[in-house]
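The values are calculated or read from the model by the stated rules, or taken from the named source; none is laboratory data. Remember, it's a predicted structure, so these values are computed and weren't measured experimentally. Ideal geometry is used to build each Cβ from the backbone, glycine not excepted, and the neighbour counts take in all protein chains shown. Heavy atoms of the whole protein, side chains included, go into the accessibility calculation; ligands, DNA and RNA do not. Shrake-Rupley method; radii C 1.70, N 1.55, O 1.52, S 1.80 Å.
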Amino acid sequence: MSTIGQLWVGLGNPGAKHALDRHNIGFMVVDAIADDHGFSAAQAKFSGLVRTGTIEGQKILILKPTTFMNKSGVAVQKAMAFYKIPLDRVSVFHDELDLAPGKVRVKMGGGLAGHNGLKSINQMCGGPDFQRIRLGIGHPGHKDRVSGYVLSGFAKDEIDMRDDLCNGIARYANHLAKDDPELFQTRVAEYIVK
């Protein structure tokens, strides 16, 4: 068993019904990374779907939990335990209401912003000190509308932005693999406004 250096987790809900939901942008992004960098085919493992590959000499495990969002930590904990991956080598790609669509921000640790997937990982995996790649989906304007908004698809005029976000992150994932989140953020932002 070759050593996995990093665990990259995309958050979303399983099933065709949710495939294109805003809440599933984490799934979309890690699929784009895995496809772009020639990762292995998806296998069912750790209550999720996993793909492995190498970027910048780092062996990376991509995990999409198939537990539904609020139990994401179950899958993450299993993968971490199996490969003995420390929490600070875990990066979680997730939708972020407080960022405009197409914006990407990377941060280590901090608050959970009411995100059920992050809360579950925090509870199951030993705290909040994992890296988050926050993927902006915008806010519907009122908290009562959030649930319907995140579980609906991107509007027609947001599809290109969504695709640019996935493609830009996939293209510049090497900077994340090399632990340079600032350069990663900059390059993706430049790619999206091109």
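Per-residue answers, yes or no, for (1) assigned to a helix (DSSP H, G or I); (2) in contact with a helix residue (DSSP H, G or I) (Cβ under 7 Å, 6 or more places away or on another chain):
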| position | (1), (2) |
| --- | --- |
| Ile4 | no, yes |
| Leu7 | no, yes |
| Asn13 | no, yes |
| Lys17 | yes, no |
| Asn24 | yes, yes |
| Val30 | yes, no |
| Gly38 | no, no |
| Ala41 | no, no |
| Ala44 | no, no |
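Checking each residue of segment 80-95 against the condition of being at negative phi, open to solvent by 10 Å² or more (accessible area, probe 1.4 Å), in contact (Cβ under 8 Å) with a residue 60 or more places away in the chain and under 13 Å from the mean Cα position of the chain (by Cα) gives no match. Could you look through segment 158-171, keep only residues that are free of Cβ contacts under 8 Å to residues at least 60 places away in the same chain and over 11 Å from Ala32 (Cα atoms), and pick out the one that is least open to solvent (accessible area, probe 1.4 Å)? Among them, the one singled out is Glu158. The number of residues in segment 1-50 being over 21 Å from Gly117 (Cα atoms) and touching a His at 6+ places or on another chain (Cβ under 7 Å) comes to 0. The residue pairs whose first member lies in segment 30-42 and is closer than 19 Å to Asp163 by Cβ, whose second member is of a type in the set (Asp, Glu), and whose beta carbons are closer than 7 Å, counting only pairs six or more residues apart or on different chains, do not exist in this structure. Scan segment 1-36 for residues that are open to solvent by less than 60 Å² (accessible area, probe 1.4 Å) and either of a type in the set (Asp, Glu) or under 25 Å from Ala81 (Cβ atoms) (or both) and the total you get is 19.
Quick check, is Ser72 polar (S, T, N, Q) and assigned to a helix (DSSP H, G or I)?
Yes.
When every residue of segment 43-52 is checked against the conditions, none turns out to be buried (at least 18 other Cβ atoms within 10 Å of the Cβ), closer than 23 Å to Ala189 by Cα and not acidic (Asp, Glu).
Taken over segment 33-59, residues that are in contact with a Gly (Cβ under 9 Å, 6 or more places away or on another chain) and closer than 30 Å to Val146 by Cβ amount to 2.
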